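Worksheet: one structure, shown below.
Read-outs: derived from the displayed coordinates by stated rules, not from any lab. Note that the coordinates shown come from a computational prediction; the quantities given were computed from them, not determined experimentally. So basically every Cβ, Gly included, is an ideal-geometry build from the backbone, and we count neighbours across all protein chains shown.
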């Protein structure tokens, strides 16, 4: 007959065997898992290196393309805007290098820049709308009327500045006196809404609005205000384009707002890759398209339909 002591020893032996089995099994499982993790890590490292190499290659190709385009600007743009004049507007986030490159391109194309006007944060801030509209209402040129649909601050500002800074497309004449133009600019500058980068500034046939990447577009409707401002400018002159960087093409960025609005998209040319040489060239060529009554969506961002457009025959 089995004694209690023998029975207890048997039970202990069984549990000891189970424990040893669990330990040995877990060690084997852990070894397998570690082996699998090492294999996965090796594969991930290989893929990262592969993608990094591809990215470096693409960057080199883009830089080479930029150098080629920069060296060909004279042949591409030369004479395309001879006899045309342009006024340039910039938003607070516009990159200075983009602005200077576009202006050089305009000069290469034969279009004198009659001035630059820097829009401030207050100009774009919907919270400043009432104060800005009140200031503009008091300086409308004699005999002129703002469009009835220009009720928001962006549209109203574009309509007013279009009146005083864009020549009448019908006869090529100014629609305000030098004194009226000066009063408008002094009022907006005094209110902290604009800052003149060039002085004096004179009316032109065409307008270029240069913006950044749309990082603050959602703050107080800044993106929408830039878009409406550009759209209203287009209604007063022979052409207008809005050019910026890729982020501005995403909603609610200013380029994105224009492209998502059928009426504005059909009127205003947009360019969303101003950080590349091809975008800077396209911004200038876009004005030739505007002069012919057409509008395009260029770049690589959201809703772009083409990278660039062909230079007109000369």
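Relative contact order of the range 114-239: 43 percent, from C-alpha pairs under 8 Å at least 6 residues apart in sequence.
Computed over the alpha carbons of the range 160-314, Rg followed by Dmax gives 15.5, 45 Å. Relative contact order of the range 82-298: 23 percent, from C-alpha pairs under 8 Å at least 6 residues apart in sequence. If you look at the Cα atoms of the range 78-178, you get an Rg and a Dmax of 15.4, 44 Å. Ranked by the mean number of other Cβ atoms within 10 Å of their residues, highest first, the peptides 273-286, 77-90 come out as 273-286, 77-90. Relative contact order of the range 192-246: 47 percent, from C-alpha pairs under 8 Å at least 6 residues apart in sequence. Where both bridge residues fall in the range 82-298, DSSP classifies roughly 10% of the beta bridges as antiparallel. Shape of the range 219-276 from its Cα gyration tensor (a ≥ b ≥ c, root eigenvalues): rounded if a/c is under 1.5, otherwise prolate when a/b > b/c, or oblate? Oblate.
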